[in-house]
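Only the coordinates and a few stated rules stand behind these numbers; no lab work does. As the structure is a prediction and not an experimental result, all values here were calculated from the model. Every residue, glycine among them, receives a Cβ derived from its backbone with ideal geometry; neighbour counts consider all protein chains shown.
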Amino acid sequence: MQAEATRPADNPCIGGHFLTFLLGEELLAVDIRIVREIIQHGPMTAMPLMPHFVRGVINLRGAVVPVIDLHARFGRPPARVGRKTCIVMVEVQRDGERQDLGLLVDAVSAVVELPAGAIEPAPSFGTPLRRDFVQGMGRLGQRFVVILAPEACFDIDDMARLCEHGLGALAA
């Protein structure tokens, strides 16, 4: 994953297998190599003073795992939990240390293979997400899938800064 994080943003993504999922009507994907498992949505413990996109924490086999509401993380209203809502457990790296995160999504779609030739660089405009959150656009038949850049979307330091910013606003 380190090699991918240092790849210039204007180069196409490397092909591979991706887990696709839905946020509303949008089809998004993450590299399957960071996905650990998919679990049913269940009770979460809310944490005080967390940014609005941290839905809470869950106990996953004795580990406390934060759950990120991707709707809220991407600047939208919080997700509404439905029948197909689930949590995609991913593993991200921070300073060489592994961090597990849960991603609250509306529904998991499928694991797809996208060859490098089916992946275009992130467009400079017109995507529903911050450009640095988009690693590329994969062609699936007549549809495009937004491939997320985990090093930006799930950057622990970036999320911690948002927490600190929220605490600073409360103190003011």
With the crude spin-label approximation of a point 7 Å out along Cα→Cβ, what separation in nm comes out for Glu97 versus Ser109? 3.5
Selection from Gly136, Pro77, Val57, by position along the positive dipole direction of the range 56-149 (Cβ): Pro77
